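Worksheet: the structure to be examined is printed underneath.
The values are calculated or read from the model by the stated rules, or taken from the named source; none is laboratory data. The structure presented is a predicted model; accordingly, all values stated were derived computationally and were not measured. Methodologically, a virtual Cβ is constructed for each residue, glycine included, from the backbone with ideal geometry; neighbour enumeration extends over all protein chains shown.
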Amino acid sequence: MTELQTLTLPNGLRIVHQNTSTGVAYCGFMVDCGTRHEQTAADFGMAHFVEHILFKGTRKRDAWHINQRLESVGGELNAFTTKEDTTFYAAFLPQDFSIACELLCDLICHPTAPQHELEKEREVVLDEIDSYRDTPADLIYDVFEDRLFAGTPLGHNILGSEATVRTFDHDRCISFIGRNYRPERMVFFAYGPMPWTSVVRLLTKHFDLAATASDMKSHVVATADATPANVSATADATFGAQHQAHCMLGCKAYSIGHKDAAALSLINNILGGPGMNSRLNQQLREKRGLVYTVESTLTRFTDTGYFSIYFGCDHDDADRCLNLCRKELRRLIDQPLSPRQLKAAQKQFKGQMGIGTANLENNALTLAKSYLRLGRVETLADNCARIDAVTSEQIQRVASELFTDGNLLEVRSSKL
C-alpha cells in the first residue's frame, strides 16, 4: 500500500510524493515549458537546448561537478523535453535523496549557462539533429505532427533546426529560463520510501524560495484545434526518400482530460497496442506478412491530441497496408463490439496497465505528469474503473467522430 501526499508552497511550487517500499527512488522537477512555449520561429529548439544547458553550470558547480555529484553514489541524472513540458529527474538509492534533491534544486534555481559550455553543447545538439534525420522511424512523427498542427505552436519539432540552434547564446537562454522556469509552473515529484517530512524539509531548504510567484503566466497560444471534426487532412504528404516506406495515418483527437479519453485509450489498445493480437498486427503482419511492426499511438496535450498508426513496409505494399489500416478504422465504426469482445478488450488492457506498474521510473514520471496537468494523481484502480465503464456504443461513437476519411492525415516516405 502506498501513501500519496501533496502540498503547494507559498511561492506556487507544487509537491507530490508517493511513499513506496521500493529499493530505488526517484525525484525531479516537471516544468510547464516545452516546445509550444517558444515564442517565435527564431526560438524553435530553445526549450530542448535549455534542457541541455542546465547541466552545464550553476552558481556553485561546473559541468564536471554536476555529473560527479550523483553518479559518485551510483545515481543517475536525466532529462527530456516534450511539446508541453521539460523534466529533470534523478534515480538513486533512498538514502541518497538529500543529494539528489539538492542537486536538482541547484540546476533549476541557479543555472549560469556559461558561454564556453554553450558552444560545446551546441555541437552536441547539432549532432543529435543529424542523428534524428538518419532515423526515419522517428523523423516521420515530426513530419506528421508538423502537417497535422501546421500553423500552431504544436506544429514544429522539438530539436529545432541547425539555423536556429546556431543563434542561441547565453543571454537568450537565461531570458528563456527566466520567463518560463517559474515555481508556479513546476511540480516537484518524489517516488520512494522517503518520509514526507524529509521531502518537504529538504525541498524548502534547497529550493530558492526568494523566487516569488510570478505574474508572468504561461502564454500558450491554444490555436491547435481540439475539435476533430474541423481537421483538414493533407493526403499523401511525403518526406525524404528511403529504402523502406515509412507510413503514418491518423487524426486529431482528445485532450488529456477529455470525457472520452478512456474510450479512446481502449480503442488504441484494440487497434495497435503492444499485444500481438492487436487488430492491426493481425491484419498486416500475422495474416499477410506485410510488415515487421505496426503500432498505434495516442498522444495527448492540454487542449488537443492525436491518434496515429505507424508501420514500415516495402514501397510496393504501402497502399495496400494503408487501405488495410483504414479498413480496420472503418470496422470500429460499422461493427460494434459484442459484449464478449468488449469484456476481453477491457481485461487485456487492465492487465497491461497492471504489469506496467512494475516500471518504477514510468510510475514516477506518470505521477508528475498527472499532478502537473490534472491537479490530481490517478491510481491504477481509477484507470481500471474508467476502462470498465466504457461501452460498446461509446467506442462506436468515438470511432465515428475521429476516423472518418475527411479527418485522416496520411504521411509516407518517398521511394529512393
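Data table
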read-out: Given (1) at pLDDT 95 or above; (2) β-branched (V, I, T); (3) more than 17 Å from Y254 (Cα to Cα), index of the condition V377 fails; value: (1)
read-out: Condition met for I309 (part of a helix (DSSP H, G or I), touching a residue at least 60 places away in the same chain (Cβ under 8 Å) and not charged (D, E, K, R)); value: no
read-out: Qualifying residue in region 23-33 (condition: modelled with pLDDT of 95 or more and surrounded by fewer than 20 Cβ atoms within 10 Å (Cβ to Cβ)); value: yes
read-out: Qualifying residues in region 320-359 (those that are among the charged types (D, E, K, R) and closer than 22 Å to L402 by Cβ) - the one surrounded by the most Cβ atoms within 10 Å (Cβ to Cβ); value: E328
read-out: Checklist (1) surrounded by fewer than 21 Cβ atoms within 10 Å (Cβ to Cβ); (2) of a type outside the set (F, W, Y); (3) within 28 Å of G305 (Cβ to Cβ) applied to G178, failing item; value: (3)
read-out: Residue match in region 342-361 (condition: in contact with a Gly (Cβ under 8 Å, 6 or more places away or on another chain) and closer than 19 Å to K259 by Cα); value: yes
read-out: Among the residues listed as C27, C105, C101, the single one being under 30 Å from A381 (Cβ atoms), outside any strand (DSSP E or B), touching a residue at least 60 places away in the same chain (Cβ under 8 Å) and under 24 Å from the mean Cα position of the chain (by Cα); value: C101
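Here is a yes/no grid of residues against (1) out of contact with any Gly (no Cβ under 7 Å at 6 or more places or on another chain); (2) surrounded by fewer than 18 Cβ atoms within 10 Å (Cβ to Cβ):
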{"site": "Y371", "(1), (2)": "yes, no"}
{"site": "L380", "(1), (2)": "no, yes"}
{"site": "I387", "(1), (2)": "yes, no"}
{"site": "E393", "(1), (2)": "yes, yes"}
{"site": "R397", "(1), (2)": "yes, yes"}
{"site": "E410", "(1), (2)": "yes, no"}
